[in-house]
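Colleague: I'd like to ask you about the structure that follows.
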Amino acid sequence: MSVPFYMETELIRQSKPAMEIQSNHGHDVVESPLQGDVLELILSHVPLIDLVPAHRVSRSWSLAVSSSLVHFNRPRPWLVVHSQSTRPPYETVAHAFDPRSRDWVELQHQDPSSKRVPSGLCSQSGRLLYGLSPSQFSFSLDPLGLSWHQVDPPLVWRPDPIVAAVGRRVVVAGGGCDFDDDPFAVEIYDVETRKWESYNAMPSALRDCSASACLSVAAGRGQIYVAEKLSGVAHSFDPETKEWYGPYDLRPERNICCSVIGFANDRLILISLIGDPGSLSDSSLKGKTVKIWEVLGEFVEFREVTEMQPELLKELTGDEPSISSISVCSAGDMVYLYDPSKPGAVVWCEVAAEGGGCEWGTLRMAAMPEDGQNQPARKAVFTCWDVGIPELERALASDKLRLSVAKEGKQENAHNAD
């Protein structure tokens, strides 16, 4: 059910005087005549960033906003896309996709010096934004990039390591140069103690793989999971015990071409490109599909969750599908698939709880600065975070960030599955 625009406008008009009366004159707040389910239904059509002022009006408004977010249109994890220039001064702009309202939100940092976005911005698991240089390791665990940690780099210089965060620990593994004493060492930075510690080298099966091109990394349930995209061989690392486990065979079907891993609803999932035996050597879409499985138990059982529609596969990969060039970032029940080398289209999947249906969709990127003849090239870095009223209130209260709905408007391409 859609709500006419004039009703949303009236809702906001009524909320603003209430806030002004409370803050400027100290009088009791004048409540809106809209109450109960009607008010909550209207609130369900208001973008999340516009619900923050309504949430502050009064206790009853706060309860109405909270109830609407629970019963009508709950918050869903945001996809945050950072576009960074590859040349000094490494200008970075950021947009976030809110699947609740299907809007792109522009993140305008008001104090660039406080943000301190590093050059060479990266993210592998989608839950950690970082930059690594021989002189410094910078990383952010903040959903909207408000706060950054600036620390000494690992002892071993690594041009292409595995980097992921679990709890208070950030793990940097492998990716070193051949001339180093131990290019495959594992180092862990503890955010609380602010110290690095070194541990045993990573498994030999992962040593010849480029983290950025050949490996898929996911963090969850207290461990880091690393899978080789083409072979499906996976290992896990527990930062608590400092031990590697595996190898595991992530191939529920024999005709899997390549796979990536992630987490959805705290469950490890496997996303695989599948082709029949006659199509594996064919670069076209014929005979190919993408499936999502939940990895059960000790990596010996798989439960098929959903399958991507063929038109979405073409949207994601073009005419030459290969998940080896595809990356994934996820949080909660949202899974986003994209090609970082050509980030024009993103395919998303809302993964339902066991037994429920899943919804697929596509979205077009918000406007980013474009490469040009006289402009430096840019790269896109993707992260995924749970963002709700508390996170937005904290961001707006800091005066470091301005949020606005991007001009591109809503993304409406959605497909039901199962």
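The values are calculated or read from the model by the stated rules, or taken from the named source; none is laboratory data. These numbers come from a predicted model, not from an experiment. Neighbour counts are summed over all protein chains in view; Cβ atoms, including those assigned to glycine, are modelled from backbone coordinates with ideal geometry. In case anyone asks, the SASA skips ligands and DNA or RNA and just uses the protein heavy atoms, side chains included. Shrake-Rupley method; radii C 1.70, N 1.55, O 1.52, S 1.80 Å.
Colleague: From the list 186, 156, which one is over 21 Å from the mean Cα position of the chain (by Cα), at pLDDT below 90 and of a type in the set (A, V, I, L, M, F, W, C)? It would help to see each step written out before you state the result.
Modeller: Numbers: 186 fails: at pLDDT below 90.
Exactly one of 186, 156 is over 21 Å from the mean Cα position of the chain (by Cα), at pLDDT below 90 and of a type in the set (A, V, I, L, M, F, W, C), namely 156.
Colleague: Within the stretch 375-386, does at least one residue satisfy the condition of being surrounded by fewer than 18 Cβ atoms within 10 Å (Cβ to Cβ), outside any loop (DSSP other than H, G, I, E, B) and modelled with pLDDT of 90 or more? Break it down into steps so the answer makes sense when it comes.
Modeller: If we filter the stretch 375-386 for residues that are surrounded by fewer than 18 Cβ atoms within 10 Å (Cβ to Cβ), which is where we start, we get 375-377, 379, 386.
Next cut, outside any loop (DSSP other than H, G, I, E, B) only: 379.
In the following step, the residues that additionally are modelled with pLDDT of 90 or more were identified as none.
Scanning the stretch 375-386 turns up no residue that is surrounded by fewer than 18 Cβ atoms within 10 Å (Cβ to Cβ), outside any loop (DSSP other than H, G, I, E, B) and modelled with pLDDT of 90 or more.
Colleague: Let me ask another. Could you grab me the full set of residues in the stretch 56-89 that are charged (D, E, K, R) and either without any contact (Cβ under 8 Å) to a residue 12 or more places away in the chain or more than 29 Å from residue 335 (Cβ to Cβ) (or both)? Before you say what the answer is, go through the steps one by one.
Modeller: Taking the stretch 56-89 as the starting set, the residues that turn out to be charged (D, E, K, R) are 56, 59, 74, 76, 87.
Matches in the stretch 56-89: 56, 59, 87.
Colleague: Give just the number: which of (1) under 23 Å from residue 211 (Cα atoms); (2) in contact with a Pro (Cβ under 9 Å, 6 or more places away or on another chain); (3) assigned to a strand (DSSP E or B) does residue 135 not satisfy?
Modeller: For residue 135, the failing item is (3).
Colleague: Looking at (1) in contact with a Ser or Thr (Cβ under 9 Å, 6 or more places away or on another chain); (2) over 16 Å from residue 132 (Cα atoms); (3) small (Gly, Ala, Ser); (4) part of a loop (DSSP other than H, G, I, E, B), which is the one condition that is false for residue 201?
Modeller: Here residue 201 meets the rest and fails (1).
Colleague: May I pose another question? Looking at the structure I just gave you, is residue 352 among the small types (Gly, Ala, Ser), open to solvent by less than 40 Å² (accessible area, probe 1.4 Å), at pLDDT 85 or above and not in a strand (DSSP E or B)? Before you say what the answer is, go through the steps one by one.
Modeller: On the way: among the small types (Gly, Ala, Ser): yes; open to solvent by less than 40 Å² (accessible area, probe 1.4 Å): yes; at pLDDT 85 or above: no; not in a strand (DSSP E or B): yes.
Criteria not met by residue 352.
Colleague: While we're on this one: Identify all residues within the stretch 389-400 that are closer than 13 Å to residue 96 by Cβ, out of contact with any Leu (no Cβ under 6 Å at 6 or more places or on another chain) and either modelled with pLDDT of 95 or more or not charged (D, E, K, R) (or both); write none if there are none. It would help to see each step written out before you state the result.
Modeller: Start the filter on the stretch 389-400 by keeping residues that are closer than 13 Å to residue 96 by Cβ, which leaves 391-392, 395.
In the following step, the residues that additionally are out of contact with any Leu (no Cβ under 6 Å at 6 or more places or on another chain) were identified as 391-392.
Passing the criteria: only 392.
Colleague: Are there any helices (runs of 4 or more DSSP H) wholly within the stretch 1-106 with 1 or more residues that are modelled with pLDDT of 60 or more and touching an Asp or Glu at 6+ places or on another chain (Cβ under 9 Å), and if so which?
Modeller: Values: elements: 5-25, 36-43, 48-55, 59-71.
Here the list reads 36-43, 48-55, 59-71.
Colleague: Could you tell me which residue of the stretch 111-123 is modelled with the highest pLDDT, considering only residues that are open to solvent by 40 Å² or more (accessible area, probe 1.4 Å) and polar (S, T, N, Q)?
Modeller: Among them, the one singled out is 119.
Colleague: Given the conditions (1) buried (at least 23 other Cβ atoms within 10 Å of the Cβ); (2) in a strand (DSSP E or B), and given that residue 150 satisfies all but one, which numbered condition is not satisfied?
Modeller: That leaves (1) as the condition not met.
Colleague: When you look at residue 87, is it touching a Pro at 6+ places or on another chain (Cβ under 7 Å), within 20 Å of residue 394 (Cα to Cα) and not aliphatic (A, V, I, L, M), yes or no? Quick ask: steps written out before the conclusion?
Modeller: Numbers: touching a Pro at 6+ places or on another chain (Cβ under 7 Å): yes; within 20 Å of residue 394 (Cα to Cα): no; not aliphatic (A, V, I, L, M): yes.
No: the conditions fail for residue 87.
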